[in-house]
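The values are calculated or read from the model by the stated rules, or taken from the named source; none is laboratory data. Nothing here was measured: the structure is a model prediction, and the numbers come from that model. Glycine gets a Cβ as well: all are built from the backbone with ideal geometry, and neighbour counts include every protein chain shown.
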Amino acid sequence: MPSAPTADVRPGPSGSRSVLERRTGSIDGPRKPVEGPDRGAGDRRIPRFVWALPPVAVLALVFLYPLALVVQQSVSPDEGGTSLAPYGDVFASESFRSALTTTVWLAVGSTAGCLVLGFVLAMVIAFVPFPGGRAVARFIDVFLSFPSFLITLALLFIYGNAGMANGLWTDATGASSGPFDFLTTPWGVLLAEVTYFTPFVMRPLLAAFSQLDTAQLEVASSLGAGPARIVRQVLLPDALPALAAGGSLVLVMCLNEFGIVLFTGAKGVTTLPMLVYSKAILESDYPAACVVAVVNIAISVGLYSLYRMVSRRVGA
């Protein structure tokens with residue numbers, strides 16, 4: 001019998017390997033792959049909090065440091081040193097109490113108007129079919145990106161002293177002036193804020209109404225319920241979480257609104273943001289301006305915490 005072939009283990013030419021070495025990598029057997037360094041080992045050795053340091057540092061530098069300067073300035077009177085005297089002076093002033101009262105009632109009144117108007121308009125868009133309804137719903141999303149002063153300017157063109165409404169009145173009656181002269185009053189600011197912030201209530205309402213089973217409305221109607229009862233017992237309970245979330249957000253934004261009050265030219269309307277502007281720019285009283293700013297920030301943070309709590313419950 002012919003003998004079994006044997007592996008060729010003859011050494012090759014100088015500097016070359018044998019056939020078996022070329023096939024297997026070595027005479028003893030296949031060569032194990034060389035493992036590279038464990039790249040993840042270095043990452044695991046770095047504590048996780050280290051990765052959070054850069055964004056926290058940027059946040060502290062861009063946002064927290066300026067706020068700290070405002071708080072520091074609020075306890076630094078012009079006479080020098082550190083004192084709470086600026087807080088006492090501001091809290092005792094009639095201008096601060098008047099601005100706080102005006103800010104609160106404007107914010108609450110605007111929020112109430114936005115809730116009522118937004119609920120009605122959202123119901124119409126969601127449940128009343130009409131041509132262009134989908135385009136109107138999309139326009140609401142675009143409207144949210146508009147600056148507040150743009151809406152104020154539009155109202156000035158319509159209801160201002162030389163606006164369209166007064167022009168039509170004077171042309172029709174021959175009077176020297178028109179009857180619409182309310183934009184420079186608190187009611188004009190209220191109208192502008194309701195006009196601008198109503199879509200912020202409508203957006204979550206439309207999202208809530210899109211999840212509503214229309215079969216409930218059909219069953220309620222077939223059982224003899226009228227429109228008012230359907231709204232009260234079917235639509236309103238499902239809309240309450242969206243109303244609470246949208247209303248909380250609008251309340252926070254109305255509390256800090258500056259552009260609408262400024263562009264309406266309502267000189268008799270002084271809110272907390274307007275008081276900060278007046279103290280800092282017109283009077284150069286920076287400690288008093290910082291005190292008002294700190295109060296405004298505290299109220300805003302409290303209301304924002306309420307908004308977040310309501311939003312979490314809505315999400316749950």
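Kindly state which helices (runs of 4 or more DSSP H) lie completely within the range 212-316 and contain at least 3 residues that are out of contact with any Phe, Trp or Tyr (no Cβ under 8 Å at 6 or more places or on another chain), under 21 Å from Gly118 (Cβ atoms) and modelled with pLDDT of 85 or more. If you could, list the steps in order and put the result at the bottom.
Working: elements: 214-222, 227-230, 236-255, 259-264, 272-277, 286-315.
Helices (runs of 4 or more DSSP H) meeting the threshold: 236-255.
What number goes with the only condition from (1) under 30 Å from Val292 (Cβ atoms); (2) part of a helix (DSSP H, G or I); (3) modelled with pLDDT under 85 that Val70 does not pass?
The failed condition is (3).
Could you list, in sequence order, the residues of the range 231-258 that are of a type in the set (D, E, K, R) and either touching a residue at least 60 places away in the same chain (Cβ under 8 Å) or closer than 14 Å to Arg203 by Cβ (or both)?
Going through the range 231-258, the residues of a type in the set (D, E, K, R) turn out to be 232, 238, 257.
Answer for the range 231-258, where residues must be of a type in the set (D, E, K, R) and either touching a residue at least 60 places away in the same chain (Cβ under 8 Å) or closer than 14 Å to Arg203 by Cβ (or both): just Glu257.
Have a look at Leu190, Leu206 and point out the one that is out of contact with any Asp or Glu (no Cβ under 6 Å at 6 or more places or on another chain) and within 24 Å of Ala137 (Cβ to Cβ). Spell out the reasoning first.
On the way: Leu190 fails: within 24 Å of Ala137 (Cβ to Cβ).
Answer to the selection: Leu206.
For the condition of a type in the set (Val, Ile, Thr) and more than 30 Å from Pro204 (Cβ to Cβ), what is the one hit in Thr170, Thr152?
On the way: Thr152 fails: more than 30 Å from Pro204 (Cβ to Cβ).
Answer to the check: Thr170.
Return the residue satisfying two criteria in turn: it lies in the range 169-211 and is assigned to a helix (DSSP H, G or I), of a type in the set (S, T, N, Q) and in contact (Cβ under 8 Å) with a residue 24 or more places away in the chain, and of such residues it is surrounded by the most Cβ atoms within 10 Å (Cβ to Cβ).
We begin by selecting, within the range 169-211, every residue assigned to a helix (DSSP H, G or I); these are 169-173, 186-210.
With the extra rule that they be of a type in the set (S, T, N, Q), the set shrinks to 170, 173, 195, 198, 210.
Right, trim to in contact (Cβ under 8 Å) with a residue 24 or more places away in the chain and you get 195, 198, 210.
Details: Thr195: 19, Thr198: 25, Ser210: 9.
Step by step, filter the range 169-211, then rank; the result is Thr198.
Does the range 218-226 contain any residue that is within 25 Å of the chain's Cα centre (by Cα) and without any contact (Cβ under 8 Å) to a residue 24 or more places away in the chain? Steps first, answer last, please.
Narrowing the range 218-226 to residues within 25 Å of the chain's Cα centre (by Cα): none.
Checked against the condition, which is being within 25 Å of the chain's Cα centre (by Cα) and without any contact (Cβ under 8 Å) to a residue 24 or more places away in the chain, the range 218-226 yields no hits at all.
What residue, of Leu240, Leu251, Leu236, Leu272, is more than 15 Å from the chain's Cα centre (by Cα) and surrounded by 18 or more Cβ atoms within 10 Å (Cβ to Cβ)?
From the options Leu240, Leu251, Leu236, Leu272, the qualifying one is Leu272.
Answer yes if at least one residue in the range 298-314 is surrounded by 21 or more Cβ atoms within 10 Å (Cβ to Cβ), in contact (Cβ under 8 Å) with a residue 60 or more places away in the chain and under 25 Å from the mean Cα position of the chain (by Cα), and no otherwise.
Initial filter on the range 298-314 (surrounded by 21 or more Cβ atoms within 10 Å (Cβ to Cβ)): none.
No: the range 298-314 contains no residue that is surrounded by 21 or more Cβ atoms within 10 Å (Cβ to Cβ), in contact (Cβ under 8 Å) with a residue 60 or more places away in the chain and under 25 Å from the mean Cα position of the chain (by Cα).
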